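The values are calculated or read from the model by the stated rules, or taken from the named source; none is laboratory data. A quick note: this is a predicted structure, and the numbers were derived from the prediction, not measured. Don't worry about glycine lacking a Cβ; one is built from the backbone with ideal geometry, like all the others, and counts go over all protein chains shown.
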Amino acid sequence: MKSVIITGADRGLGLSLSKEYLNSGYTVFAGKYLEDYTLLEDLQETNKNLHIIKLDVDSRESISSAVEAVSKITNNTLDVLISNAALMGEVNCTLRKPPMDIEAVWRSFSVNALGPARLVELFLPLLDNSKRKRLCFVSSEVSCINLMRHRIGEGFPYPMSKSSMNMGIRIMFNDLYPQDYTFRLYHPGWMKRIQHDGSRSEEAMYDPDDIAAHAIKYFETDLKDEQRLVMIDFRSQEWPF
Amino acid sequence: MAVLITKQNTIFDKELKSIFEREGYTVFIAGENEPTGYIDMYIDTSNYRSDKDTFLIRDGLDEKIIREVYEENVLNSMRLLENYLPYLEKGTGKRICFLTSHEASINETTHDNGYAYKMSKAAMHNLYPMVMNILADDGYTIRIYDPLLSNGHNTNEQTKKQCKINNIVCDKLSAEGAFNYFVRKRGTEHDDPLRNDENRIVFRDALGREHTW
Ligand SMILES: NC(=O)c1ccc[n+]([C@@H]2O[C@H](COP(=O)([O-])OP(=O)(O)OC[C@H]3O[C@@H](n4cnc5c(N)ncnc54)[C@H](OP(=O)(O)O)[C@@H]3O)[C@@H](O)[C@H]2O)c1
């Protein structure tokens, strides 16, 4: 049975991707970060192939424990890694609204950019044992420097972190593509999210379930041009980054 | 005209200071010689690299080095910009300049290491257009420059040796190029917004080449 790990799977796109992968017959390791969310536990009741593992991508110890947990169940292998978790909250960090919360820039970087790289580093021994070797990363159009539309009022940390993440992915790609790894970089579009106050962002355009149904096709299909590192969105459009 | 340079860590930085002085500018250096009233141009020379930034993903990320480089190139850079923006607001030049490297271009880099430097600069590359989206309406312009040097940034023997092999521009020439790139206007024609190069956020190197982000 093929195996996948998905980070930030408590809700939103991560949860929707977990459902899609379960439906596709995978053993799914869903990264649990939010203690007070039980949607994964609900899903587990009807899916014995779902394994919920505590996973904070900002902590090497947490990732190492996750590697151990996965390894025990899969006999030391992993086919697909999906880096989806992200820190997105509102922060006061923009010009002309001093003082900027500069530490927030580091926090975003550490979760959103270093997190995916830590994840790859620590799961590599398991991924090496798989024929699949597929690394998937959920990025965002805010990483597209040429198309930047952020203005005053919108915080700096999140977009900056996504460009750093793309750079980390590029360096990993240069290193690991020659070692038979394949990469997917994905922009999911403006999805309805559960906000920090518990409300759902209804003004957003897309349901994470619909996006996940598209994303899994992109993540799972083998491409004829694996040598190109590109970012694809939910309409299969290519974005510059 | 008054210019503020954030750092004097490298030969390039020092050359740049002396060129601006030679050309009649009043030069302030952050932390050494602080501006009292206004500045027309702000030049952030933060461009820090670590000799230890050579690990591959299989070696394991050196998070201490990553933080050290990020602190200098991103967090400190942002603090400096916030700190000196009020001086720029009072000046008439309203030009902001940064240093980077084509090695930190997501599109161009062919390296399999250098996570600390490249990821830090990629964050800054993302910041530049956001800064301009906020400030451009008030007449601000931006310059991003790749000095094409690594000898200015490091002094250990190995780096010096590498530079002997790779160096194509010496610090002085590179600083002369930076001066011209920083002070000149970029092409505009008949107020046509489609023919206004200031609207494009680009970076050019010491040989005049434009690089992709
Ligand atoms: N929603 C959009 O419109 C949109 C647009 C473009 C790209 N994206 C990308 O799509 C992905 C999924 O977004 P989503 O809308 O599904 O967001 P989401 O519902 O907020 O899911 C992301 C999850 O990651 C968690 N997380 C934060 N820090 C973590 C850590 N250190 N370790 C593990 N998990 C952590 C978040 O918890 P907390 O809530 O506690 O932080 C959250 O539960 C993200 O990578 C995001 O950047 C989303």
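General observations
- Selection within segment B:99-121 - within 15 Å of B:Arg49 (Cα to Cα), of a type in the set (A, V, I, L, M, F, W, C) and in contact (Cβ under 8 Å) with a residue 40 or more places away in the chain: B:Leu99, B:Ala116, B:Met119
- A:Arg193 vs. criteria more than 23 Å from B:Asn126 (Cβ to Cβ) and within 14 Å of the ligand (Cβ to nearest atom): no
- Any hit, segment B:147-154, residues being farther than 23 Å from A:Gly155 by Cα and modelled with pLDDT of 85 or more: yes
- Check on A:Tyr186, closer than 30 Å to B:Asn199 by Cα, assigned to a strand (DSSP E or B), at pLDDT 95 or above and within 13 Å of the ligand (Cβ to nearest atom): yes
- Search result, residues across segment A:150-160 that are more than 9 Å from the ligand (Cβ to nearest atom) and either assigned to a helix (DSSP H, G or I) or more than 7 Å from every other protein chain (Cβ to nearest Cβ) (or both): A:Gly153, A:Glu154, A:Gly155, A:Pro157, A:Pro159, A:Met160
- Filter result for B:Glu68 (acidic (Asp, Glu) and at the interface with chain A (Cβ under 8 Å from one of its Cβ atoms)): no
- Taking segment A:10-49 as the range and being aromatic (Phe, Trp, Tyr) and under 15 Å from the mean Cα position of the chain (by Cα) as the test, the residues that pass are A:Tyr21, A:Phe29, A:Tyr33.
- Check on A:Ser108, closer than 27 Å to A:Met191 by Cα, within 13 Å of chain B (Cβ to nearest Cβ) and buried (at least 21 other Cβ atoms within 10 Å of the Cβ): yes
- Against the test of being in contact with a strand residue (DSSP E or B) (Cβ under 9 Å, 6 or more places away or on another chain), crowded, with 20+ Cβ neighbours inside 10 Å and among the charged types (D, E, K, R), the options A:Arg184, A:Arg193, A:Arg170 yield a single qualifying residue, A:Arg184.
- Residues of segment A:56-92 satisfying the condition of being assigned to a strand (DSSP E or B) and in contact with an Asp or Glu (Cβ under 9 Å, 6 or more places away or on another chain): A:Val80
- Residues satisfying the stated conditions in segment A:224-241, i.e. touching a residue at least 12 places away in the same chain (Cβ under 8 Å) and polar (S, T, N, Q): A:Gln227, A:Ser236
- A:Ile53 vs. criteria on the phi < 0 side of the Ramachandran plot, within 12 Å of the ligand (Cβ to nearest atom) and not in a helix (DSSP H, G or I): yes
- For segment A:70-96, filtered to residues that are within 15 Å of the ligand (Cβ to nearest atom) and out of contact with any helix residue (DSSP H, G or I) (no Cβ under 8 Å at 6 or more places or on another chain), the residue that is farthest from the other protein chains (Cβ to nearest Cβ) is A:Gly89.
- Scanning segment A:110-130 for any residue that is within 16 Å of the ligand (Cβ to nearest atom), without any contact (Cβ under 8 Å) to a residue 40 or more places away in the chain and among the charged types (D, E, K, R) turns up at least one such residue.
- Each residue in segment A:206-225 was checked for being near the ligand (Cβ under 8 Å from one of its atoms) and either assigned to a loop (DSSP other than H, G, I, E, B) or modelled with pLDDT of 95 or more (or both), and 1 pass.
- Subset of segment A:128-138 [under 19 Å from A:Ile216 (Cα atoms) and within 11 Å of another protein chain (Cβ to nearest Cβ)]: A:Leu135
- Selected residue (only one of B:Leu56, B:Leu75, B:Leu61, B:Leu99 is closer than 24 Å to A:Met100 by Cα, of a type outside the set (Asp, Glu) and within 7 Å of chain A (Cβ to nearest Cβ)): B:Leu75
- Scope segment B:115-133; condition within 7 Å of chain A (Cβ to nearest Cβ) and closer than 20 Å to B:Asn76 by Cβ; matching residues: B:Tyr115, B:Lys118, B:Met119, B:Ala122, B:Ala123, B:His125, B:Asn126, B:Leu127, B:Met130, B:Val131
- A:Glu103 being more than 7 Å from chain B (Cβ to nearest Cβ), acidic (Asp, Glu), over 21 Å from A:Lys32 (Cα atoms) and not in a helix (DSSP H, G or I): no
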